[in-house]
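What follows is calculated from the coordinates using simple rules that are stated; it is not laboratory data. It should be emphasised that the depicted structure is a prediction, and the values quoted were computed from it without experimental measurement. Positions of Cβ are generated from backbone atoms using ideal geometry, with glycine treated the same way; all protein chains shown enter the neighbour counts.
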Amino acid sequence: MQTETLTLQDIETLAFDALVAAGTSPENARPLAVATAETEAEGVASHGLAYIPIYCEHVQCGKVDGKAKPVLTHPAGSVVTVDAGTGFAHAAIDKGFDALIPLAKEQGVAALAIRNSYNCGVLGYHTGRLAKSGLLGIGFTNAPASIAPSGGSKPVVGTNPFSIAAPNADGTPALLIDQSASAIAKSEVMKHAREGKDIPLGWALDADGNPTTDPELGLKGSMAPSGGYKGVGIALMVETMAAAMTGATLGAHASPFSGTVGGPPKTGQFFLAINPDTTSGGDFRERLEQLLGVFHAQDGARIPGENRTGKAAKARDAGVAVNTATLDKVRSWL
């Protein structure tokens, strides 16, 4: 595989220029471009520049409104809602966080519900921002149906990730859990399909419910839930939080995040921001440090999020090696 090394600024600029060229407003393109660079830095290439051509295509076919202006409301003391207007989730989340963060610091806990939204990329990127603000962030986002229920064969819920990020004293996430309800993120199967590679057994099922190594058959069938019925339960929990609690479209009724079929998916995101100083008596960070120390005491043991954090730190100096085929697709929009 041929690669080209880009700085994080290069990645952000390339993503921004392609999105604007496709018809996205600069105000909506910037937060998505910033997230794309950070995602590449953390080594999550499946959600990085590889998604920019899909975003551009969806702006032009009308699956997402590149010029949408999210609308914020404040229906209750510690609750904020944002209607994304079928635009990009990143701009809607930015607007919501501007109100959510100070509200959570003042009230102790605050909630943000986003509806009529779109793919928010790496959910942990967003909860990580709450942690960097000194808050414990919990996030949920639903996706178009791709997981069948236990005992069934037709997908009814999406891969539906949830994420929890806890703050460090130095302004970085001390802990970042970010996992989907499926054995692997659907974008990884899509990435293998684009590259013509087989997927490992256990990632997906074909339309008849049989395990498959063919990504195309997996995309036509169902993603394998993580832990069997437990993964389905997680997907249902996230669907309740990100769709039912926000007024967004259920995954069973949402159009796909891939391809041009259907209109805007209108999915949702739900975030809880908690000021740990108000719940712990002021010693949250010390207790968390003790908790993580139990992990660190074992040679080779890793804490969720550490791998991403380490890669991001290196990428800030060394840049990121990006697949040239991916770069060619992105640059074709300029």
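Here are the numbers for the structure shown:
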quantity	calculated
Set of aspartates and glutamates near Lys266 by C-alpha distance (under 12 Å), chain-local residues within fewer than 8 positions excluded	Asp65, Asp83
Order of Tyr55, Tyr229 under a 10 Å beta carbon neighbour criterion, fewest first	Tyr229, Tyr55
Rule-of-thumb Rg ratio for the chain [Cα; 2.2 N^0.38 Å; N residues]	0.96
Distance in nm between pseudo-label sites at Thr260 and Thr73 (7 Å out along the Cβ direction from Cα)	3.4 nm
For Leu175, distant residues with modelled amide H under 5 Å away	Ala166
Full-stretch length increase - Asp328, Lys197 - with 0.36 nm per residue and alpha-carbon distance subtracted	45.2 nm
Modelled FRET efficiency - R0 22 Å, Arg302 with Thr172, Cβ distances, 0.05 increments	0.85
Computed helical MRE - 222 nm, the chain, DSSP H runs ≥ 4 contributing -39500 (n - 2.57), nearest 500	-12500 deg cm²/dmol
Net lengthening on full extension, Gln2/Asp98 (0.36 nm per residue, minus Cα-Cα)	30.5 nm
Cα-centred dipole magnitude for the chain, charges only on beta-carbon of K, R (+1) and D, E (-1), debye, nearest 20	540 debye
Protection proxy ranking, peptides 117-127, 305-315, 89-99, average beta carbon neighbours within 10 Å, highest first	117-127, 89-99, 305-315
Cα-Cα separations in region 183-224 greater than 15 Å, expressed as whole percent	21 percent
Among Gly259, Ser332, Ile164 - extreme Cα towards positive end, dipole of the chain, charges at beta-carbon	Gly259
Mean Cβ neighbour count within 10 Å, used as a protection proxy, ranking 133-142, 320-329, 240-249 highest first	133-142, 240-249, 320-329
Nearby lysines by direct alpha-carbon distance to Lys314 (threshold 23 angstrom, same-chain neighbours under 8 apart not counted)	Lys132
Hits among aspartates and glutamates - C-alpha to C-alpha of Lys186 under 17 Å, sequence gap 8 or more where chains match	Asp178, Glu195, Asp198, Asp206, Asp214, Glu216, Glu239
Residue of Ile177, Ile114, Ile164 that the Gaussian network model of the chain assigns the largest fluctuation, springs spanning Cα pairs under 10 Å	Ile177
Local net charge near Thr159, Cβ-Cβ under 13 Å (Lys/Arg +1, Asp/Glu -1)	-2
Principal axis dimensions, largest first and in whole angstrom, of region 1-83 by Cα	52, 29, 19
